[in-house]
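One structure follows; several queries about it will come next.
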Amino acid sequence: MSGTPIWTPDPRVAARSRIAGFTAFAAERTGTPFPDYRSLWQWSVDDLAGFWSAVYDFFDLRSSTPHTAIVDDAPMPGTRWLPGARLNYAEHALRHGADDAVALIAEREDGTVTEVTWGELRRAVGAFAAWLRGQGVGPGDRVVGYLANTEHAIIAFLGAASVGAVWSACGQDYGASGAAARFAQLDPVVLVAADGYRWNGKEYDRRSEVAELAAGLPNLRATVHVPVLGLPRPDDGVAYEDTIAGDAEPEFAQLDADAPLWVLFSSGTTGAPKGIVHGHGGVVLDHHRLLGLHLDLSEGDRMLWYTTPNWMMWNLVASGLLLGATVVLYDGAPAHPTPARLWAAAARHRVNVLGVSPGYLQACARAGLTPGRDLDLSALRTLGCTGAPLPAASYPWVRDAVGPHVQVASTSGGTDIVSGFAGGAPTLPVYAGEISAPLLGVALAAWDGEGKPVTGEVGELVVTRPLPSMPLYFWNDPEGTRYKDAYFGWWPGVWRHGDWVTVTSNGGLVISGRSDATLNRQGVRLGSADIYAVVDALPSVAESLVVGVELAEGGYWMPLFVVMADGYELTDDVRKEIVQELRTRASPRHVPDEIIAVPVLPHTRTGKKLEIPVKRLLQGARLDDVAGREAVDDPAALAQFTGFARTGKEDA
């Protein structure tokens, strides 16, 4: 990596940032000067209680009963945050903003723009919460959304949180079976569902999918129909307009800090998607730290981060309201009708923080875009980028094509913590190809296989001290066994995330891909199990294996290898059938880049598909380095994948 930063903070701007104000606040509290970010970070991980107490007070967080401690002393997992406190996420999200100021801006692919003021948002949330109470919905009940990224999803979520119900959402690019694989685990009492969505200039009617999904949720008390496309509403169910028609003032159930706020689902790599539960108190505390200090959000700022309700970034975007920021939602394909679509939205809405994926930036560079020249992006100060490692070549493109005043804030986090591990800050320089630093409060390190910290070489990304937004538990995991195995199975009391990371001499980080078998498509983590459930059910396919391969210069290749059933060949018609089934029964993101027939697939001796060894072979690793012969049921089946290495093409 370059020893010269590609971007450095303007000292005058950095001095006005919230993290600069927090640094002075912390120095006064502790009597200790913090001359730079590194010293502040070191204090934040050495003195968890002192740091998180400072965050709580700096952002004036509130609870109806005081906490007895900011954090207890229990080791991970099992650490409790804000014990004794009773509070509500939605109350914090709706406490900012003048009634006539804009809280939400929702832009749809067809160009429709809807603005919701803070006063309108509070009234709609209050009405929806009152309607939920009228259905008998209360603390602990589950409310789920099968929705597009529109204002309706935010209002329904905040209404559910207001009454203490547990929220979970799924985008409509998932078919009914994919959504049911998640929602049925929760046994929800209310389903909020849109009539459809738009993508790449087409409208997708999802009313039949909604009916199928509702039929698979036996204890629903009501289905709320949201008119995104304006299609005729089914006779059954409730019109969304009726649920927000009242004028009730918001009322907020006061909940224990570790009461569940939402359930996010894992990608389902090793089976059914796991429901990851986060609490009101931990999320409120963590998201003020991340959005307020690292992205410098304040009341009146505007943030647009491209996402869908499938992805944890949707939850983080919703939390922009915690800081009083205006949240800009975009629903549709990010490059329709041209790759300039998100830049145009950022210019039109005077966005201060824009978030995109590395793939989007690469597509813009290939298209020869110069958004900084062609559009008014003078309000833009931070370009967030997450979902995959950002190649070094994208950094100078942002400087030259977007503007030298724009900070690239490459970040790394996860659904698991619905937050970040590493990212930028207004006071930190940016080096091409690097994430600037571990976030405040994150005791992040790279460890070798023996559990020793390493610098300048690839290691496992670990976190050695607890974070407020670590999961409370997994849904339907009463003993906590799956939770412990997922993150603490390698080193007890230490979170292993499953990413390869290098800590650089600049103090930054380079993420070089997943160390487990999770797929990462267009910035969204997917599970191979979702693909197998569709493909392996086809009569033409005996078995399949899919991997996601990080290639040089930021490329990503997701091939699907199939063993054909007796009597079948991989013809163009079979390929089309596989693609169509994945699009409709899973989602468009589950469609592979290439479908390749192989005679046999390798497994462990217990029958598990060898995804990680295959991935490593495709990246060019030596056969002897990826798996021992004694661990494989058919070593020749594994060896065949060396022929696909280097270029990632079948004829390599």
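Can you give me the orientation-averaged projected area of the convex hull built on the Cα atoms of segment 42-97, in nm²?
4.7
Using only the alpha-carbon atoms, what does segment 229-383 span along each of its principal axes? Please give whole angstrom values in decreasing order.
Here the Cα extents, ordered largest to smallest, are 49, 45, 44 Å.
Considering every pair of different Cα atoms, what Kirkwood radius, in Å, is found for segment 116-185? Could the numbers behind the result be given before it?
Details: mean 1/r = 0.0793 Å⁻¹.
Kirkwood hydrodynamic radius for segment 116-185: 12.6 Å.
On average, how much area does the Cα convex hull of segment 2-94 cover when viewed from any direction, in nm²? Don't skip to the end; give the middle numbers.
On the way: hull surface 36.1 nm².
One quarter of the hull surface, i.e. the mean projection, equals 9.0 nm².
Further, regarding this structure: Among 282-289, 233-240, 13-20, how do they line up from the highest to the lowest mean number of other beta-carbon atoms within 10 Å?
282-289, 13-20, 233-240
Quick one: how many lysine pairs does the chain have with C-alpha atoms less than 25 Å apart and a gap of 8 or more or different chains? Give me the count, please.
The result is 14.
Rg and Dmax of segment 1-55, using alpha carbons, in Å: what are they?
Spelled out, the Cα radius of gyration and Dmax of segment 1-55 are 13.0, 37 Å.
Would you work out which of 334, 220, 210 lies farthest towards the positive end of the dipole of the chain? Charges go on Cβ: Lys and Arg +1, Asp and Glu -1.
334
A follow-up question, please. List, in order, the whole-Hz ³J(HN,Hα) value for each residue of segment 323-340 obtained from phi through the Karplus relation with A = 6.51, B = -1.76, C = 1.60 and θ = phi - 60°; use x for Gly and Pro.
8, x, 6, 7, 8, 9, 9, 10, 10, x, 6, x, 10, 10, x, 9, x, 7
Go ahead and estimate [θ] at 222 nm for the chain from helices alone: -39,500 (n - 2.57) per DSSP H run with n ≥ 4, summed, over the residue count, rounded to 500.
That comes out to -7500 deg cm²/dmol.
What FRET efficiency do you get for residue 38 and residue 639 if R0 is 41 Å and r is their Cβ-Cβ distance, rounded to the nearest 0.05?
The formula returns an efficiency of 0.30 here.
Using the Karplus equation 6.51 cos²θ - 1.76 cosθ + 1.60 (θ = phi - 60°), what ³J(HN,Hα) coupling, rounded to whole Hz, does each residue of segment 433-450 give in order, writing x for Gly and Pro?
Computed from phi, the couplings for segment 433-450 are x, 10, 7, 5, 5, x, 5, 4, x, 9, 7, 8, 8, 9, 10, 7, x, 9 Hz.
List the residues, sorted by chain then number, that are 5 or more residues from residue 556 or on another chain and whose placed amide H is less than 5 Å from its amide H.
Amide H neighbours of residue 556, under 5 Å, 5+ apart: 551.
Calculate the dipole size of segment 111-197 relative to its Cα centre from +1 charges on Lys and Arg beta carbons and -1 charges on Asp and Glu beta carbons; express the result in debye to the nearest 20.
Using Cβ point charges on Lys, Arg, Asp and Glu, segment 111-197 gives about 240 debye.
Also, I was wondering about something else. Taking H placed 1.01 Å from N in the peptide plane, check which residues at least 5 places from residue 192 or on another chain put their amide H under 5 Å from its amide H.
Here 144, 145, 146, 224 satisfy the definition.
Can you work out the accessible area per residue across the chain, with the rest of the protein chains kept in place, probe 1.4 Å, in square angstrom?
Result: 37 Å² of accessible area for each residue.
Convex hull over the alpha-carbon atoms of the chain: what's its volume per residue in Å³?
Dividing the Cα hull volume of the chain by its residue count gives 156 Å³.
With no solvent and one point on each alpha carbon, what is the Debye value of log10 I(q)/I(0) for segment 202-289 at q = 0.14 Å⁻¹?
For segment 202-289 at q = 0.14 Å⁻¹, log10 I(q)/I(0) is -0.88.
I'd like to know which of 360, 59, 84 lies farthest towards the positive end of the charge dipole of the chain, counting +1 on Cβ of Lys and Arg and -1 on Cβ of Asp and Glu.
Among 360, 59, 84, the one farthest towards the positive end of the dipole of the chain is 59.
Any idea which of 385, 347, 398 is furthest toward the positive side of the dipole for segment 329-434, if Lys and Arg beta-carbons carry +1 and Asp and Glu beta-carbons -1?
About the Cα centre, the residue reaching furthest to the positive side is 347.
Quick one: pull the percent of accessible area on the chain belonging to carbon and sulfur, 1.4 Å probe, ligands and nucleic acids left out.
51
For a quick check: with amide H placed at 1.01 Å from N, whose amide H comes under 5 Å from residue 541's, ignoring anything fewer than 5 positions away on the same chain?
For residue 541, the qualifying residues are 565.
The values are calculated or read from the model by the stated rules, or taken from the named source; none is laboratory data. Keep in mind that this is a model prediction, so the values were computed, not measured. Virtual Cβ from ideal backbone geometry, glycine too; neighbours counted across all protein chains shown. With ligands, DNA and RNA removed, areas are computed over all heavy atoms of the protein, side chains included. Shrake-Rupley method; radii C 1.70, N 1.55, O 1.52, S 1.80 Å.
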